[in-house]
Amino acid sequence: MSTHPNVQLVAEALEAAGATGVIRILDEAVPTAAAAAAELGCEVGAIANSLIFDGDGEPVLILTSGAHRVDTAKIAAELGVTKLRRATPEFVKEHTGQSIGGVAPVGHPAPVRTLVDTALDEYSEVWAAAGIPHSVFPTTYTELLNLTNGTPVTVN
């Protein structure tokens, strides 16, 4: 699985950005924050969920703490979009090249507007998906902001 094209794209993006974390391939898929936290032995809040939303037809990636839910009305108002809704699996795949449950913060065909939950700053180490549901990598809040050119936001 470490040779999966999505994992390779994420690894290349991490290396190009000078990221310090190494991608870890897990025996079991961890498509949810709870599953990832249980497998990694960390708090669910330390999992950086990569959630793709459709903001008036444009993709928006929100990296949110696994302990939080996104207030879509609040975020839509902050972004200046009419409506922000969870994207369909097809929309996610089109804009990230990855499937729901394994979407990474990087490794997409083109840059995606990204918001990063400020709650992730509470953790010295956070974990993010690396392109497939069996892969993750350790990072930090600051590194996520740098990797994604993300904007800090309170999601709820």
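The values are calculated or read from the model by the stated rules, or taken from the named source; none is laboratory data. Just so we're clear, the structure is a prediction, and the values are computed from it rather than from any experiment. FYI the Cβ positions are ideal-geometry reconstructions off the backbone, even for glycines, and counts take in every protein chain you see. What goes into the accessible areas is simple: the full protein's heavy atoms, side chains included, and nothing from ligands, DNA or RNA. Shrake-Rupley method; radii C 1.70, N 1.55, O 1.52, S 1.80 Å.
Odds and ends about this structure:
- Residues in the stretch 142-156 that are more than 21 Å from I23 (Cα to Cα) and in a loop (DSSP other than H, G, I, E, B) were compared, and the one that is least open to solvent (accessible area, probe 1.4 Å) is V155.
- Of the criteria (1) more than 18 Å from H4 (Cβ to Cβ); (2) open to solvent by 30 Å² or more (accessible area, probe 1.4 Å), which one H134 fails: (1)
- Hey, T139 closer than 21 Å to A16 by Cβ, over 11 Å from the mean Cα position of the chain (by Cα) and either in contact (Cβ under 8 Å) with a residue 40 or more places away in the chain or open to solvent by less than 30 Å² (accessible area, probe 1.4 Å) (or both) or not: yes
- Out of A48, A13, sole residue that is part of a strand (DSSP E or B) and of a type in the set (A, V, I, L, M, F, W, C): A48
- For the stretch 16-34, residues that are touching a Leu at 6+ places or on another chain (Cβ under 8 Å) and assigned to a helix (DSSP H, G or I) total 1.
- The set of residues in the stretch 52-90 that are touching a residue at least 24 places away in the same chain (Cβ under 8 Å), out of contact with any helix residue (DSSP H, G or I) (no Cβ under 9 Å at 6 or more places or on another chain) and closer than 17 Å to A129 by Cβ contains only V70.
- Candidates A37, A76 - the one that is touching a Leu at 6+ places or on another chain (Cβ under 6 Å) and in a helix (DSSP H, G or I): A76
- Where a residue in the stretch 13-28 is in contact (Cβ under 8 Å) with a residue 24 or more places away in the chain and its partner, wherever it lies, is acidic (D, E), with Cβ under 7 Å and at least six apart: A19/E143; L26/E39; E28/E39
- Residue check for G131: under 13 Å from the mean Cα position of the chain (by Cα), at pLDDT below 95 and under 23 Å from L9 (Cα atoms): no
Conditions (1) buried (at least 21 other Cβ atoms within 10 Å of the Cβ); (2) touching a Cys at 6+ places or on another chain (Cβ under 9 Å), marked per residue:
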{"residue": "L14", "(1), (2)": "yes, no"}
{"residue": "G21", "(1), (2)": "no, no"}
{"residue": "A36", "(1), (2)": "yes, yes"}
{"residue": "E39", "(1), (2)": "no, no"}
{"residue": "N49", "(1), (2)": "yes, no"}
{"residue": "F53", "(1), (2)": "yes, no"}
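- Matching residues, the stretch 63-79, being more than 18 Å from V136 (Cβ to Cβ) and either crowded, with 21+ Cβ neighbours inside 10 Å or among the β-branched types (V, I, T) (or both): V70, T72, I75
- Among residues of the stretch 32-47 that are in contact (Cβ under 8 Å) with a residue 24 or more places away in the chain, those with a beta-carbon under 8 Å from a residue that is open to solvent by 60 Å² or more (accessible area, probe 1.4 Å) at least six positions away or on a different chain give the pairs A33/A67; A37/E43; C42/E125; E43/A67; G45/A67; G45/E122; A46/E125.
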